[in-house]
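Written out below as structure tokens is the structure these notes cover.
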Amino acid sequence: MNAANPIGVFDSGVGGLSVLHEIRRTLPNENLLYVADSAHAPYGDKSRQFIEDRSIAISEFLISRQAKAIVVACNTATGAAVTALRSRFSMPIIAMEPAVKPAVANTRSGIIGVLATRRTLAGDNFVRLFARYSAEVEILGQACPGLVEQVEAGDLSGKKTRLLLEHYVSPLVEQGADTIVLGCTHYPFLAPLIQEIAGPAVAVIDSAAAVARQLYRRLEVGNLLAVKAGVVAATQTETTTGTECFWTSNGLDSAKPIISQLWKRDVEVCRLPLLHSVTAIK
Ligand code: DGL
């Protein structure tokens, strides 16, 4: 594996761009490949087998583009597919975990809220986190149907998005939560509105920066950093030299403006080729 190779990142859609932002901040010299599987978002509505098949096929695509590591920038795909990905591919596979641990360290009221998809809240990873920390704090899980779709549509602050968020966030605050975990990578794009609804006394946290740090560590340990570790650390505030390439399974007319909006720069987006390499998509 060559340290100059790119890092592959994927999500059910555009939400993983929130993780890509943190990866870019932490690793300014790496070349990044991003796949938004927006034609199939939200993954939360699909079967576990579908998500696993899709995650394997997208990973194979990223590996065909020389990816030296894969970041599963999707909590839902992490729950459904990370075990299959790790048993299939030998490179570092970095995945999401809702930021419950830092939330437990942060809360003073002893009550934390977790906003996530229904599938993430019901998945083994979250059930394990819940079992580990629920003796110390009260954990209120709040499923948020409809929010992924709002971010996919680029609607970060419109009336419908606000109504949905009020419906999901206000009950958590009323029940005493002083820390809200964003357990879906789409939600950090809604953080300003979530913070406004929750009020200034509530901390809103996500795990994107922790995932970027974990990626950094894994690359460092494997001698896979594009530039020597010390040099990368010293250049974090310097000009980015890495590049980004974006693919979408959606139509380019709708995908390009939304990816550019969320990436905060006008970018080229390519159409993801049809992926056939694993079992037929159900
Ligand atoms: N960004 C995905 C996540 O973090 C969205 C979930 C979905 O597509 O259902 O879970």
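Taken together, the values in this text are just the output of simple stated rules run on the coordinates, not laboratory data. All figures in this text were calculated on a predicted structure; none of them were measured in a lab. Note that each Cβ is placed from the backbone with ideal geometry, even for glycine, and that neighbours are counted across all protein chains shown.
Data table
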read-out	value
Most positive-pole-ward Cα, Ser64, Thr78, Ala39, against dipole of region 2-93 from beta carbon charges	Ser64
Stokes-Einstein D for the chain, Kirkwood Rh over Cα pairs, 4 °C, 1.567 mPa s (µm²/s)	68 µm²/s
Bins of 5 Å, starting at 0 and running to the largest distance - Cα pair percent for region 23-179	2, 8, 15, 17, 18, 17, 13, 7, 3, 0
Cut-off under 5 Å, modelled amide H: who pairs with Ala203 long-range	Thr179, Ile180
Extension gain from Ala210 to Asn106, taking 0.36 nm per residue of separation minus the Cα-Cα distance	35.9 nm
Tail fraction, Cα-Cα pairs, region 2-64, threshold 18 Å, whole percent	40 percent
Dipole of region 82-226, positive end: most advanced residue of Leu190, Tyr168, Pro92 [Cβ charges, Cα centre]	Pro92
Förster radius 30 Å - calculated FRET efficiency between Ser260 and Leu140, Cβ distance, rounded to 0.05	0.25
Residue-wise HN-Hα coupling along region 205-219, computed from phi with Karplus coefficients 6.51, -1.76, 1.60 (Hz; x: Gly, Pro)	10, 9, 10, 4, 5, 5, 5, 5, 5, 5, 4, 4, 4, 5, 5
Cut-off under 5 Å, modelled amide H: who pairs with Gly16 long-range	none
Cα-projected label distance for Glu166 with Ile63, points at 7 Å along beta-carbon direction, nm	4.9 nm
Length released on extending from Ser157 to Cys245, taking residue separation times 0.36 nm less the Cα-Cα span	29.0 nm
Per-pair calculated FRET efficiency, R0 = 30 Å: Cys270 and Gln175 via Cβ, rounded to 0.05	0.10
Rounded to the nearest 20 debye, dipole of the chain from Cβ charges on Lys, Arg, Asp, Glu	560 debye
Between region 69-128 and region 6-54, the alpha-carbon center distance in angstrom	14 Å
